[in-house]
Each structure stands twice: as structure tokens, then as C-alpha cells.
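One structure is given here, and the rest of the page talks about it.
Laboratory data are not the source of any read-out in this text; all were calculated from the coordinates shown. Keep in mind it's a predicted model, so treat the numbers as computed, not measured. Cβ coordinates were reconstructed from backbone atoms using ideal geometry, including for glycine residues, and neighbour counts include every protein chain displayed.
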Amino acid sequence: MQTKLIFGIVFIMVFSSCQLNQNDLLIKFCQGEIDEHGVPCGYLNSKGDTLIPMGMYSYCYTDTIRTMGMVIEKGTGKIIGIDQHAQKLFEVFNYDNGPDYVRSGLFRIKKNGKIGYANEQGEIIIEPRFECAYPFKGKFARVSDNCSTITNGEHSVWVSNSWYQITKNGMRVN
């Protein structure tokens, strides 16, 4: 009986120390019950305090912000990454009418017309320097420093004679 009690206490102490502090989370809230573009949304902490006011952004993609969230910047329509204090971290690459998908732990970002990569914590892993850049597949991504975009209706394709692959630390492999 005493062994079970000691084990229980140790388990609770270890489990509690591993839990994410609920004050570190921001939860999305929206006006009304509908969550869609144009409906004002903001972010609350676990105490119910408004940390990012409703309507500050045109749309909030991220439901729970731990370190970084994705929102649509008012006035520009750009998808941006923000931290828990609503500070802009970077512009997110727009893919399929929304923010780029996280693949192999990274997603694409933009700066001055160039493409780079960030992680889900909002850290820029590879500074934007590529003209064209595909998502990572496993350990590698296909990129080009010189490419053009061919548009066919609502779809577009990148064309380049100088594609190469990079690793997750930005090193060229071929």
C-alpha cells in the first residue's frame, strides 16, 4: 500500500513538471459560433484575459497558440506568423488558399519575394533566399535560385533549369 502511494506521488510530481503551463497557451475565440473569414476572432489566455483583441486580424488560422500562430494581417491580406504578444515574426507562404502546410517539421515563409523555411515554434530555420522552393519531403527540399512562374488560369507552375536539393539546415546537396 505504501509503495503504491509513493509511486502515485512520484508519478504526479513527474507528470505535473512535464505539463505545459496553461498560462503559456492562447485559445482562439470568435464573435458568435461561426469561425470563418470575416468573423472577428482574438485570443484569450487560460484565465480568460484577452491577450490579442478580437478583430485585430482579418482571420485567425491557429486555434491554440503555444509559441506561434498564423493569422491574416489586416490591410495587406498576407498570412503572417505571430508570437503570443502579437509580434509579427514573418510572412507565411500562401498555399492552397491558406498557410503553407507543415511538412517534415517545416513550412515555407517569404521575405522580399524570396522563400525560406520556419518550424512550428516560429523559428526561422532557413532564411528566405530561394526564388522557388517546394516543401520538404523527409530530409530534403527542392529549390531554385532562378525560376519563373507560368500561370494557366487559377493554377501556376514553377519552371527552372537549375533545381537542386537542400537539407533541413539549408546545405546544398546536388
Inset, instruction - Give the total of Lys-Lys pairs in region 33-134 with Cα-Cα distances below 25 Å; include a pair only if its members are 8 or more places apart or on different chains. - result: 12
Inset, instruction - Please list 165-173, 62-70 highest first by mean number of surrounding beta-carbon atoms within 10 Å per residue. - result: 62-70, 165-173
Legend entry - Cα-projected label distance for residue 157 with residue 44, points at 7 Å along beta-carbon direction, nm: 5.0 nm
Legend entry - Within straight-line cross-link reach of residue 139, lysines at Cα separation under 18 Å, skipping those fewer than 8 residues along the same chain: 168
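Rounded to the nearest 500, what is the chain's calculated 222 nm mean residue ellipticity when only DSSP H runs of at least 4 contribute -39500 (n - 2.57) each, over all residues?
-3500 deg cm²/dmol
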Legend entry - Dipole magnitude of the chain about its Cα centre (Cβ charges: Lys, Arg +1; Asp, Glu -1), debye to nearest 20: 640 debye
